[in-house]
Structures are given as C-alpha cells and as structure tokens.
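Accompanying notes for the structure given below.
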Amino acid sequence: MVKQRHQLFVILLCAADGIVALAACYVAWLTRLWKLGQPVPGDATTIFREPLAYVVVPMTLYAMWAFRLYRPRRDRTLLSESLDICRAVLAAMAAVVVALWLTNNQLIRVELGDPVAAIGTIQLDAARLQLTLLAPILFLSVALERVVFRTVLRHIRRKGWNQRHACIVGVGRLGQITCRTIERNSWTGINVAYFVGHHDKTSRVSCLSRPVLGGLDDLEAALEKWRVDAVYLALPGSRSAAVPDLLKRLEKFAIDVRLVPDVSPRYTPHNMLVSELDGMPILSVRESPMHGLGGMSKRALDIAGALAGIVVFSPLLVLTAALVKLSGPGPVIFRQRRVSLGGETFEIYKFRTMHHAGDEQAHVDGQASWTERNDPRITGIGKWLRRASLDELPQLLNVLLGDMSLVGPRPERPELIERFREDWRGYMLRQHVKAGMTGWAQVNGLRGDTSLRKRLQYDLFYVRHWSLLFDLRILIMTLGKGFVHRNAH
C-alpha cells in the first residue's frame, strides 16, 4: 500500500536545506566584506540585507529537487547522494550566474554607503569573489547537513521506527542474499515481512525465520491478505522467464516493485532506475511519483486550489444545494465509496442527481457500471448538473481533506476496479497517484461512457509523466474549455 509516509521527513529536509543554503550565503557575504576591507554589519537583521540569498536559496532547492534529492530512496549511499548534491550545487550556481548576468550584476551590492561605488570594477570583483566562496561553502554545508540528517534518520530506523514492509519473491540463494542484505542494512527502515517461493507450488513454510506464504501461484492471495509496501523479485536465473508474467500480475497492486537481478550491474537494462544496496544491484521497475518534494508541492497546490474554489464557487454551491433540495426527497449530498492513492477507499461527496440516492449506484445485469445517457432515474436538475459537471463541486472538500487531488485519474468504485484490474493490464498503475476532480483523460474528452482503453492510456501517460507544470496545464485546460462537455452525462 503506497502512502506518503515520508512527507514529514521531506518537509524537515527541505527546510534544513533552505536554512543551510541561507547560512552559506550569509557566510560567503560576510567573508567577501571582510576580504575587501568593508565594514561588517553587526545587527541581527543583516541576514535580510544579503540580496543574493533570495536567488540562491530557491535555485538550490529547485536544483536538488530536479536531481531527485527529495525522493525517499532508502537504499541510496551517502557517497552517491554527495555526488548528486555536488551536481545540484553546480547547476544552481550556474543558474545564479545567469541571473546575475541578466540583472546586470545588481544582485551583488557593495555596502560602502556611496551608491556610485556599487557600480563598475569593484562590484564585479565582489561578485566573483562572493560566488567563488559560495560554491564550496554551499556544497560542504549541504553535504554535511545531509550526512547528519541521514545518520540521525538511520539511527531512528535501526530502533524500528519509520519502517516499510516488503515481500521477497524467491527463497533460493538470491532471495536469501536479498533478505540478509536488507537485514544487515537496517538503516534503510525496510523490514522483510515474508517470502513467496519461486516455484509455482512449495511445501516450504519458513525461510530465514520468516514465513513462506506459498509459491508463485499464491502470490496474489499473499499480497491481498498481508499487504506490504514493496515487492522484491529475487528469482534465480533458472526462473528468470517468469519475471514478465510476475510483473504483469503485480500490476494489479498499487505497490513498489523492484528487481534484484542475478547478474552483474553492467548487464542490467538501461531503461530502469538502477541502484545498489551494500553492493547488491536493484532495478526499480515502478515507483509512485508522489514521493518527496513532488508530492508535497502537489498537496500545497491542492489545498490552495480547493480553498480558492470553495470561496469562488460558494454562491453556486448554495444555489445548487437549494435546487437539489427542491428536486425531490432525499439528501442534498450523497456519499459513495471510491478508490484513490494506494488502493485505499474513501467517501466521495457529490450533489444528488437522481430521484433516490441509492440509484446513484448504477448496475447493469447485476454488475456495477457507469450511468448511461438519458438514464430515467436522473432528475431534471440532475441532468443539467451532470452536463455542467456541477454535481462534482462538493469534491473540493475531498481535496481539502486529502482524499483526492485537483488533478488525477477518475476516482472509481471498488467493485469496478476489482473487475477492471483483471481485464485491463496496467489498470492499477492509476492508483500510484491520488484520484482527481479533473484529469488528462477528462480534458481530452474521455468522459462518461467512452473508451476505457483510451482513457487508461491517457491516465497512464499522466502517471508516468507527472509534474507540477503538467497539473497546472490540465487545470488551465479545464478552466479554458469549461466544465460542460457532450460526453458528460
């Protein structure tokens, strides 16, 4: 089950990086003043008089996000993280140099009291000196802060806190090596909960003091009964042909899937994220894009957008509620179970559009289905609300509560998902992000009773190419095209 358990640590890490970057700017600035023989201000407000910090700090945080330094990579070594920090700092400094050039060096100010003295050669030398000092100070400061942060975090995880549970598929040599390696590196916070054998059937009941919950034929049953956060495929080379089928079967579950190849790292595929844990190569086949700073920024956009939407649409919400109340007996708002991030269910809020709230659960021949066009159960006002998508406005409360996002795949009912995940390959990948009020499929006209295959293609494209700018683009398209669409019913 994929959850954003790491958000607290991401927020703390981002805040710590920002404070350290600000301190590095301050130190480089004071050193520049001292080197040039200029007076060093002694009051506590001098930190706000260093204008370069207003560019360096956000540039540094953005560069570190771009280099995936806020992803919850528990198997990252300190050395590899330090190399990424070095690259991020160099990228940030390059962006700062470009910003100085575009602003004609006005971000560097020499505090001499004479405005004329801040122009010319002295200012240019000061800028070069300060930037030359800032680059190594920033790298060393952030690298040291990360070492301290990771050391404390690893100590916490060794105590058994902030753990994620995993299943290892394979009880042979490679599976046991994987388990021992994870167990030896307890700082990762990964706990091996159980094994699944690498044969179709197995009589083995334990491996390395952990239960073996059947063979490959029992994989789905084991994952349904004992839910985990990640699955490590550690099959021996003789069973490597089973990997494609396993990956296809694991698409039914919203969990992280990682391959532990029985080969040297130089023979691993290039289209996967390759990492190592204590010398053991791991291929990351699929991960949720909502980890780290990306998930935090998306949540901030959701909160701001939901609050703004409630304020802007409050008169319309009141008017619609009154019309629904007048349309007949029954609740104004009806609730229905839907599925969101990690396959977790929640109650979605919508304006009632049918004569009876129970009719909103559409069924055809005893099976759950979508509402058909011109359904006789829909009220007069309900038909208008559905066509204009106004029946979905109460979902702004779902967004505010964190059940949904402003942008994401359509939230479906659990019974529909149970059916679709068996029939449509990759359908459960939609649960790697929160369900949304609008989405890439919706703004491209795939609403109502349209092609499920085409809708799934658009949803998977969104999951694989998610970014905050992509969300903003979809929101702008939603507002620009309006809420009314011929396929909405």
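The values are calculated or read from the model by the stated rules, or taken from the named source; none is laboratory data. Keep in mind the model is a prediction, meaning the values are calculated, not measured. A quick note on method: Cβ atoms are made from the backbone with ideal geometry, for glycine too, and the neighbour counts reach across all protein chains shown.
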Exercise for the section: Among residues belonging to the stretch 114-164 that are in a helix (DSSP H, G or I), of a type in the set (S, T, N, Q) and surrounded by 14 or more Cβ atoms within 10 Å (Cβ to Cβ), point out the one that is modelled with the highest pLDDT. Expected result: S141
Handout entry: Checklist (1) at pLDDT below 85; (2) under 16 Å from F149 (Cα atoms); (3) hydrophobic (A, V, I, L, M, F, W, C); (4) surrounded by 21 or more Cβ atoms within 10 Å (Cβ to Cβ) applied to L78, failing item
Key = (4)
Practice task
Give me the pairs, please: first residue somewhere in the stretch 317-333 and modelled with pLDDT of 85 or more, second residue anywhere and among the small types (G, A, S), beta-carbon distance under 7 Å, and either six or more positions apart or on two chains.
Solution key: P331/A357; V332/A321
Completion exercise
Pairs returned, first residue in the stretch 141-154 that is within 15 Å of A88 (Cα to Cα), second residue that is hydroxyl-bearing (S, T, Y) and in a helix (DSSP H, G or I), beta-carbon separation under 9 angstrom, 6 or more apart or interchain, are V142/T60; A143/S82; R146/S82
Completion exercise
Checked the stretch 246-264 for anything under 22 Å from I190 (Cα atoms), of a type outside the set (G, A, S) and modelled with pLDDT under 85; matches are P261, D262
Completion exercise
Taking the stretch 179-209 and keeping residues in a loop (DSSP other than H, G, I, E, B) and of a type in the set (A, V, I, L, M) leaves V205, L208
Exercise for the section: Can you work out which of the residues in the stretch 419-444 that are among the aromatic types (F, W, Y) and either free of Cβ contacts under 8 Å to residues at least 24 places away in the same chain or assigned to a helix (DSSP H, G or I) (or both) is nearest to I474 (Cα to Cα)? Expected result: W440
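Can you tell me which residue within the stretch 26-66, out of those that are modelled with pLDDT under 65 and surrounded by 16 or more Cβ atoms within 10 Å (Cβ to Cβ), is farthest from C14 (Cα to Cα)?
Here the residue is Q38.
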Exercise for the section: Check whether at least one residue in the stretch 229-239 is out of contact with any helix residue (DSSP H, G or I) (no Cβ under 8 Å at 6 or more places or on another chain), over 30 Å from S340 (Cβ atoms), free of Cβ contacts under 8 Å to residues at least 24 places away in the same chain and in a strand (DSSP E or B), and report yes or no. Expected result: no
Practice task
Spot the failing condition for D403; the list is (1) over 19 Å from the mean Cα position of the chain (by Cα); (2) in a loop (DSSP other than H, G, I, E, B); (3) among the charged types (D, E, K, R); (4) buried (at least 20 other Cβ atoms within 10 Å of the Cβ), and only one is missed.
Solution key: (1)
